[in-house]
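Novice: Provided herewith is a single structure, encoded as structure tokens, for subsequent inquiry.
The values are calculated or read from the model by the stated rules, or taken from the named source; none is laboratory data. Please read these numbers as outputs of a predicted model, since none were measured by experiment. Note: ideal-geometry Cβ built from the backbone for every residue, glycine included; neighbour counts use all protein chains shown. Side chains included, ligands, DNA and RNA excluded: accessible areas come from the protein's heavy atoms. Shrake-Rupley method; radii C 1.70, N 1.55, O 1.52, S 1.80 Å.
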Amino acid sequence: MLKKLPVFTLGVEEEYQIIDPDTRDLRSHLSKIVDGAKIILNEQVKAEMHQSVVEVGTNICKNIHDAKNEIRFLRSKIVELADKQNLIVGGAGTHPFSKWQDQPITDDPRYHDIVNELQDAARSNLIFGMHCHVGIENREIGLQLMNQATYFLPHIFALSTNSPFWEGRQTGYKSFRTKVFDKFPRTGLPEYFDSVSSYDNYLDTLVKTNCIDNPKKIWWDLRLHPFYNTIEFRICDMSLTVDETICIVAIIQAIVAKLYKLNMNNTSFNIYRLALIKENKFRAARYGIENNMIDFGLQKEVSTKMLILELLDFIDDVVDELGSRNEINFVHEILKDGTGADKQLAVFNETGQLTSVVDFITSEFTKGL
């Protein structure tokens, strides 16, 4: 039996909305926030394709407590720098009413190349996500874990849903961000690969045939990093609060640890067809946690909330060793109070004003800092 888990290090990236406090619309910060942040945070902050977006990333974190402290610090610093420019900051997968046509593109060769290739699919990609990297021993183990963890992506995604509005419309989805991103190539659930060599051959073929100029342009919901010993979960909407981000990150880390533990004990989790997992991903995007997903083992519909509680049972025997029980227990608050999307919709239903939804997003951003 496996006696002790290895250290599953964490890296978390968040993409923030920079907002005009008067109009509540997204507004370009003209790189001033990023330039100011680089003095303090070095490479932990960078511009994104649209000038109204700031991306931050933690250092490599030994555990969930380090990750929480870093995210708190990063959020606080960006709020402070934005305030100096008379701007405010919010966290959600989409802005409730901003139009992508009004948002300037960052003047950077990388983004010019993407826009040149993808045209309006790139220009309209005004979305905000949270990415979580989990460190693994080597890429061979990482590939096995990627194949098996794909099953759980809709469960994680459902908890993160936080983008019910798009360009001033109530979309009917709890996460419309994924629908926007679907226009990009090489997105969605990851393909199954039986070996690292076959995965690398796939990447090499795309580079050699000028489909991509570097292997990082694989934008799947979960990917084995082409250069580092990490797997990166990319499916989540940007969260309203630090507690939501950290809860989801802790669950991701625990899933990886549990699957690793099974593999080391010569037991592996079932691999299900992508065509089936796509059904659950659609349900998560459409309904968040408020409907049913499919239990493929039982071959029947089950309440999404029940499946998430079953996921908590599945990971329970690794949580204490990871030291993340308190952070994971916040999921019960999400199940009770709703996801970010549910809360945004509640504000809109009460006020009828999308500006009130923006006010809610920006006030939640600093909660717990």
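Novice: For the list (1) open to solvent by less than 20 Å² (accessible area, probe 1.4 Å); (2) touching a helix residue (DSSP H, G or I) at 6+ places or on another chain (Cβ under 6 Å), I need the number of the one condition that ARG139 fails.
Specialist: (1)
Novice: Shifting gears a bit: Can you tell me which residue among ILE255, ILE277 is closer than 19 Å to ILE334 by Cβ and in contact (Cβ under 8 Å) with a residue 12 or more places away in the chain?
Specialist: ILE255
Novice: A further question follows. Tell me which of these ASP107 doesn't satisfy, since it passes every other one: (1) assigned to a loop (DSSP other than H, G, I, E, B); (2) in contact (Cβ under 8 Å) with a residue 40 or more places away in the chain.
Specialist: (2) is the only condition that ASP107 fails.
Novice: I'd like the residue in the stretch 134-188 that is in a helix (DSSP H, G or I) and of a type in the set (Ser, Thr, Tyr) and, out of all such residues, is farthest from ILE289 (Cα to Cα).
Specialist: Filtering the stretch 134-188 for residues that are in a helix (DSSP H, G or I) and of a type in the set (Ser, Thr, Tyr), the one farthest from ILE289 (Cα to Cα) comes out as THR150.
Here's the yes/no breakdown for (1) assigned to a strand (DSSP E or B); (2) open to solvent by 10 Å² or more (accessible area, probe 1.4 Å); (3) not hydrophobic (A, V, I, L, M, F, W, C):
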| position | (1), (2), (3) |
| --- | --- |
| SER197 | no, yes, yes |
| LEU203 | no, no, no |
| ASN210 | no, yes, yes |
| PHE227 | no, yes, no |
| ILE235 | yes, no, no |
| CYS247 | no, no, no |
| ALA257 | no, no, no |
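Novice: Give me the residue from the stretch 115-133 that is assigned to a helix (DSSP H, G or I) and small (Gly, Ala, Ser) and, out of that set, least open to solvent (accessible area, probe 1.4 Å). It would help to see each step written out before you state the result.
Specialist: Filtering the stretch 115-133 for residues assigned to a helix (DSSP H, G or I) gives 115-118, 120-123.
This time we only want the ones that are small (Gly, Ala, Ser), so: 121-122.
On the way: ALA121: 20, ALA122: 0 Å².
Ranking the candidates gives ALA122 first.
Novice: Can you pull out every residue in the stretch 281-296 that is closer than 22 Å to TRP220 by Cβ and either within 19 Å of the chain's Cα centre (by Cα) or open to solvent by 30 Å² or more (accessible area, probe 1.4 Å) (or both)? Reasoning before the result, please.
Specialist: Kept after step one, since they are closer than 22 Å to TRP220 by Cβ, are these residues of the stretch 281-296: 281-286, 288, 293-294, 296.
Listed by number, the residues that qualify are LYS281, PHE282, ARG283, ALA284, ALA285, ARG286, GLY288, ILE294.
Novice: Here are some residues: VAL89, VAL54, VAL79. Which one is under 17 Å from the mean Cα position of the chain (by Cα) and either charged (D, E, K, R) or closer than 19 Å to LEU26 by Cα (or both)? Explain how you work it out, then say what you get.
Specialist: Working: VAL89 fails: under 17 Å from the mean Cα position of the chain (by Cα); VAL79 fails: under 17 Å from the mean Cα position of the chain (by Cα).
Step by step, each of VAL89, VAL54, VAL79 is checked, and only VAL54 is under 17 Å from the mean Cα position of the chain (by Cα) and either charged (D, E, K, R) or closer than 19 Å to LEU26 by Cα (or both).
Novice: So, one more: Kindly indicate whether LYS208 is in contact with a helix residue (DSSP H, G or I) (Cβ under 6 Å, 6 or more places away or on another chain) and over 19 Å from ALA92 (Cα atoms).
Specialist: Details: in contact with a helix residue (DSSP H, G or I) (Cβ under 6 Å, 6 or more places away or on another chain): no; over 19 Å from ALA92 (Cα atoms): yes.
Spelling it out, it is not the case that LYS208 is in contact with a helix residue (DSSP H, G or I) (Cβ under 6 Å, 6 or more places away or on another chain) and over 19 Å from ALA92 (Cα atoms).
Novice: To continue, here is another question. With the checklist (1) surrounded by fewer than 13 Cβ atoms within 10 Å (Cβ to Cβ); (2) closer than 26 Å to PRO164 by Cβ; (3) touching a Lys or Arg at 6+ places or on another chain (Cβ under 9 Å) in hand, flag the one item GLY368 doesn't pass.
Specialist: For GLY368, the exception is condition (1).
Novice: How many residues does the stretch 21-35 contain that are out of contact with any strand residue (DSSP E or B) (no Cβ under 9 Å at 6 or more places or on another chain) and among the small types (Gly, Ala, Ser)?
Specialist: Matching residues across the stretch 21-35 total 0.
Novice: Against the definition (farther than 20 Å from SER160 by Cα, out of contact with any Asp or Glu (no Cβ under 7 Å at 6 or more places or on another chain) and open to solvent by 10 Å² or more (accessible area, probe 1.4 Å)), how does ASN86 come out, yes or no?
Specialist: So ASN86 fits the description; yes.
Novice: Count, please, the residues in the stretch 320-369 that happen to be on the phi < 0 side of the Ramachandran plot and either among the charged types (D, E, K, R) or at pLDDT below 95 (or both).
Specialist: 14
Novice: Looking only at the stretch 98-114, count how many residues are open to solvent by less than 20 Å² (accessible area, probe 1.4 Å) and of a type in the set (Val, Ile, Thr). Working first, answer last.
Specialist: In the first step, residues of the stretch 98-114 are kept if they are open to solvent by less than 20 Å² (accessible area, probe 1.4 Å); the result is 98, 103, 106, 111, 114.
Those still in the list that are of a type in the set (Val, Ile, Thr) too: 106, 114.
The qualifying residues number 2.
Novice: I've got another one for you. Considering only residues that are β-branched (Val, Ile, Thr) and more than 15 Å from the chain's Cα centre (by Cα), look in the stretch 12-26 and name the one that is most open to solvent (accessible area, probe 1.4 Å).
Specialist: Taking the stretch 12-26 and keeping what is β-branched (Val, Ile, Thr), we get 12, 18-19, 23.
Adding the requirement that they be more than 15 Å from the chain's Cα centre (by Cα) leaves 18-19, 23.
Working: ILE18: 0, ILE19: 1, THR23: 76 Å².
Within the stretch 12-26, the match that is most open to solvent (accessible area, probe 1.4 Å) is THR23.
Novice: Could you list all residues from the stretch 41-78 that are closer than 25 Å to ILE136 by Cα and of a type in the set (Gly, Ala, Ser)?
Specialist: Of everything in the stretch 41-78, those that are closer than 25 Å to ILE136 by Cα and of a type in the set (Gly, Ala, Ser) turn out to be GLY57, ALA67.
Listed here are the residues, each with its yes/no results for (1) without any contact (Cβ under 8 Å) to a residue 60 or more places away in the chain; (2) in a helix (DSSP H, G or I); (3) out of contact with any Pro (no Cβ under 6 Å at 6 or more places or on another chain).
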residue: THR23; (1), (2), (3): yes, no, yes
residue: LYS38; (1), (2), (3): yes, yes, yes
residue: ASN59; (1), (2), (3): yes, no, yes
residue: ASP66; (1), (2), (3): yes, yes, yes
residue: VAL79; (1), (2), (3): no, yes, yes
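Novice: Here is a follow-up. Scan the stretch 181-199 for residues that are of a type in the set (Val, Ile, Thr) and either out of contact with any strand residue (DSSP E or B) (no Cβ under 7 Å at 6 or more places or on another chain) or under 11 Å from LEU224 (Cβ atoms) (or both) and jot them down.
Specialist: VAL196
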